[in-house]
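Contents: one structure, followed by commentary.
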Amino acid sequence: MQGGEPVKDTRDQQPPPTVPARATQGGDIRARWAWVEDGVWTERMLETLATGIKGGVWFSLIDKVMAERTLQRAWAGVRSNGGSAGVDGITVTRFEKDCQSRLLAVKEHLQARTCQPRPVKRVWIDKPGGGQRPLGVPSVTDRVVQNALRMVIEPIFEKEFAEHSYGFRPRRGCKDALRRVHALLHRGYHWVVDADLKSYFDTIPHGKLMEMVKEHIADGRVLELISAYLKAGVMESLRYFEAGEEGTPQGAVISPLLANIYLNPLDHQMARAGYEMVRYADDFVILCRSREQAEAATAAIQQWVAAHGLTLHPEKTRIVDARERGGFDFLGSHFERGYQWPRQKSIAKLRESLRRHTPRKSGHSMPANIAGLNPVLRGWYGYFKHSLTNVLADLDRWLRMRLRSILRQRDKRKGRGRGHDHNRYPNRYFAALGLLNLEAAKQAELQSSC
């Protein structure tokens, strides 16, 4: 945490420090914060961030949010991400046709303090294990404002976030979290608290969240803007639902940052207690050397969660010994007895994707089919390449069966590709057409590392 007196005392006794608008030459400060949007955060601002601002809180940030360069960069990010229209029906393509006038209108509304977020459009998406979960889609205009807001305030909180937090953070991701879990298991941390927060994004208390934000931001207009987005409400099938005092919509640009802010005190509390916690958004595990330590960690988590208005899922939170059968799942991978492989839901999701590329009555040539399959296979292998070889080999066989079934259909024969089809279209036939072989890729990587 940054040094200084309590925020309330500082506000009463100190004049509000302003954020410098112009940069100075500052060594390698830009290199150390290379992920920060150039033009939004100047070198002088970054130097202040690195050394600590007086009082520990930032004033005068709204002018950075509504600056033309910030809004332009925020719009560029929204445009590259795409996505569907919000409740106003304005798509990214339509916004782009007169984006300059729209961005000017956004700036004017921010200046006049008349920026009123529209309700988010609620859509339902399928969950890998069955069922559906809600997703909130803000309007394109609101996505631009939220992105501008995120670019300005994210570095302030990024400095405060714990080392073992990996979700939705610059230059961090799932692979980093999985590598950390793998390393801890090999160091003897076999007892694992596999925790699950029940409906986390939907239950974050607004009041407590805003208190955490105010610990580092004292610009009232920025705080008003964040609060307005939390209370924007929801539209579903032409019905409006007023926002309560809890929750931040999944799908909103600002939501992942707010979710990390709320769990950051938990991260630091667990680190101070000596627990090895690995967190990706609301998905986290705690790795311990003994069952007793795991039970103590679980009790500490339960106490913190209850005090902060959250709930641990009673059926999905458990203590496991990773050396025994059963293991645990984390970020799509399964860990058990010293090995790692994709969990069943991850394999099922891949197979469903490959099925869409290999319908039995496909009208595409085999090279065209393989050209469509390879990007999917490369992306999946890049994430799960540390899996057991036999898991990859099984997927290779299953996919070749799908491709042989296409060829069998073209020969006016029914059923799956099997028997004589293996001789007529051997594995080398698909290899010659360039089909990525997961098992062979794994073997090649193992040999290159020797």
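The values are calculated or read from the model by the stated rules, or taken from the named source; none is laboratory data. Predicted model only: the values in this text are computed from it and were never measured. Cβ: placed from backbone, ideal geometry, glycine included. Neighbour counts: every protein chain shown. The accessibility values were calculated without ligands, DNA or RNA, using every heavy atom of the protein model including side chains. Shrake-Rupley method; radii C 1.70, N 1.55, O 1.52, S 1.80 Å.
Worth a mention:
- Counted residues, segment 250-267 - those being closer than 15 Å to Arg169 by Cβ and not β-branched (Val, Ile, Thr): 10
- Residues located in segment 347-390, provided they are part of a helix (DSSP H, G or I), of a type in the set (Ser, Thr, Tyr) and in contact (Cβ under 8 Å) with a residue 40 or more places away in the chain: Tyr381, Tyr383, Thr389
- Whichever residue in segment 403-420 is among the small types (Gly, Ala, Ser) and under 21 Å from Ala368 (Cα atoms) and, among such residues, is modelled with the highest pLDDT: Ser405
- Any chance Gln111 is free of Cβ contacts under 8 Å to residues at least 12 places away in the same chain and surrounded by fewer than 19 Cβ atoms within 10 Å (Cβ to Cβ): no
- Output for segment 426-436, where each listed residue is open to solvent by less than 50 Å² (accessible area, probe 1.4 Å) and either without any contact (Cβ under 8 Å) to a residue 24 or more places away in the chain or on the phi > 0 side of the Ramachandran plot (or both): Pro426, Gly434
Results for (1) touching an Asp or Glu at 6+ places or on another chain (Cβ under 6 Å); (2) charged (D, E, K, R); (3) part of a loop (DSSP other than H, G, I, E, B); (4) buried (at least 19 other Cβ atoms within 10 Å of the Cβ), shown as yes or no for each residue.
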| residue | (1), (2), (3), (4) |
| --- | --- |
| Glu163 | no, yes, yes, no |
| Val181 | no, no, no, yes |
| Ala195 | no, no, no, yes |
| Gly207 | no, no, no, no |
| Met210 | no, no, no, no |
| Ser227 | no, no, no, no |
| Thr248 | no, no, yes, yes |
| Leu258 | no, no, no, yes |
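- Looking across Arg180, Arg187, one residue alone is at pLDDT 95 or above, out of contact with any strand residue (DSSP E or B) (no Cβ under 8 Å at 6 or more places or on another chain) and on the phi < 0 side of the Ramachandran plot. It is Arg187.
- Flag for Pro367 being open to solvent by less than 60 Å² (accessible area, probe 1.4 Å) and in contact with a Leu (Cβ under 9 Å, 6 or more places away or on another chain): no
- Residues in segment 132-150 that are open to solvent by 10 Å² or more (accessible area, probe 1.4 Å) and under 18 Å from Ala76 (Cβ atoms) were compared, and the one that is farthest from the chain's Cα centre (by Cα) is Thr141.
- Criterion violated by Val278 - all others in (1) more than 30 Å from Asp88 (Cα to Cα); (2) part of a strand (DSSP E or B); (3) out of contact with any Lys or Arg (no Cβ under 6 Å at 6 or more places or on another chain) satisfied: (3)
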